[in-house]
Every structure is written in C-alpha cells, then in structure tokens.
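The values are calculated or read from the model by the stated rules, or taken from the named source; none is laboratory data. The shown structure was predicted, so the numbers you read here are calculated from the model rather than taken from an experiment. Cβ placement follows ideal geometry from the backbone for every residue including glycine, while neighbour counts extend to all protein chains displayed. Note: areas computed on protein heavy atoms with side chains; ligands, DNA, RNA excluded. Shrake-Rupley method; radii C 1.70, N 1.55, O 1.52, S 1.80 Å.
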Amino acid sequence: LRKIGTPLHDMSGPQSFVALQSDFDGPFPAGLRYYWKSLYLDDLSDETIEAIVERSVERPSDMTFIPIRHLGGAVARVADAETAVANRQAPYLLSIDNAWADPAADERNIAWVRAFWDAMRAHSQGGVYLNFAGLKDEGAAVTKAGHRANFDRLAALKAAYDPDNVFRLNQNVPPRA
C-alpha cells in the first residue's frame, strides 16, 4: 500500500505499547470535543459508498474523520463465541469520528453523527465496535450491540468473577443476577 502513495497516518508494523497508546494523541488532542460511533458494514457497494459520501459532505466540523477499516483475515477465522469480540465476519467497519472545539456546537455535532449512523444501518446487519460506540450513557443496548450473542455468556462470566461490578467504567456488561 505504501507504493501507491504516502499514507496520511500509517499504523502498520510493530510498535511498543506506549507508542500504540499515544498513536492518536497528535490527530486527536486533548481539549477538543469528540463524539464517535461505529457500525459494521456488509459491503462497500456503490450504494453504500454513495451513502457515506452523501453524509460526509454535510459534516458540521472540518475535524471530522470517517475511516473505513477492512476486516477479515485472522480476525474472521475465529468464531464469535471463542472470544468476547463479536461481529468477526463483518468485512468492514465504518467509524464516524467527529471532533469540534466549541461546546455550544455539541448538540449539532452529536446529532449529525447519530443521523449518519442511523442512515448507514441500512447497509449493516448490526453490531458496533465498542471503542467507537458513542456516549457511555446511551445505555445497555450499545453494549449488547457490541457483544451480540456473546452478551449473556459475558454476563455469566462477570457474575462469577466480578459479582460486585467493580470493573464497570467502560461499556459495561453487568453481572447476571
């Protein structure tokens, strides 16, 4: 891919844990406002691409980043039930990553991401990547969409190993009662 042209951001190759954790510090500095949502896509048909482009040109912030990650390979060779991670068969992941500076623009920017995400659901069998899932307060439906069929199994594991729900400051899977 590097022979085609110079990438805007190259995340290929081995790197240290510290480098990995700070990889996005430059493009996404502290102090800005952020709202991201993701959705697994079924394909990149002309219709899907047109829908992405149509929404992209309407973005409310020049700092919007809309990566489409190609999945498959080793990730898809593992069944969903073998790990906590679901949606392993999806061929693409669309992430709608919006950033802006003015807190007064929060409502407009968040609404735009949500509308874009809602429109793209027609191109997906569902599922979200929980690192780009939206606000934590969007509820258990987001976490269930991320884990899908694995959710009940993870809730049972949580009941066995974390019944007091100590590890809950994420897209939480509450312990099954």
**Request:** Be a star and scan the stretch 101-139 for residues whose amide nitrogen sits under 13 Å from the point 7 Å along the Cα-to-Cβ vector of Ile66.
**Result:** 112-121
**Complete:** Expressed in µm² per second, the diffusion coefficient of the stretch 1-55 from the Stokes-Einstein equation, with Rh the Kirkwood radius over alpha carbon pairs, at 4 °C and 1.567 mPa s, is 87 µm²/s
**Request:** Over all directions, average the projected area of the Cα convex hull of the chain and note it in nm².
**Result:** 12.3 nm²
**Prompt:** the chain: longest stretch without exposed trypsin sites (Lys or Arg not before Pro) (DSSP loop, at most 10 other Cβ within 10 Å), sites themselves excluded?
**Reply:** 4-177
**Message:** Once neighbouring chains are kept in place and the probe is 1.4 Å, which whole percent of the accessible area of the stretch 43-177 is contributed by carbon and sulfur?
**Reply:** 55 percent
**Request:** Using the heavy atoms of the protein chains and a 1.4 angstrom probe, tell me the accessible area per residue for the stretch 1-85 in square angstrom.
**Result:** 73 Å²
**Request:** Specify which residue in the list Gln125, Gly26, Gln15 is farthest towards the positive end of the charge dipole of the chain, using unit charges on the beta carbon of Lys, Arg (+1) and Asp, Glu (-1), about the Cα centre.
**Result:** Gln15
**Asked** Where the Cα atoms of the stretch 108-177 are projected onto their three principal axes, how long is each span, largest first, in whole Å?
**Response** 40, 25, 17
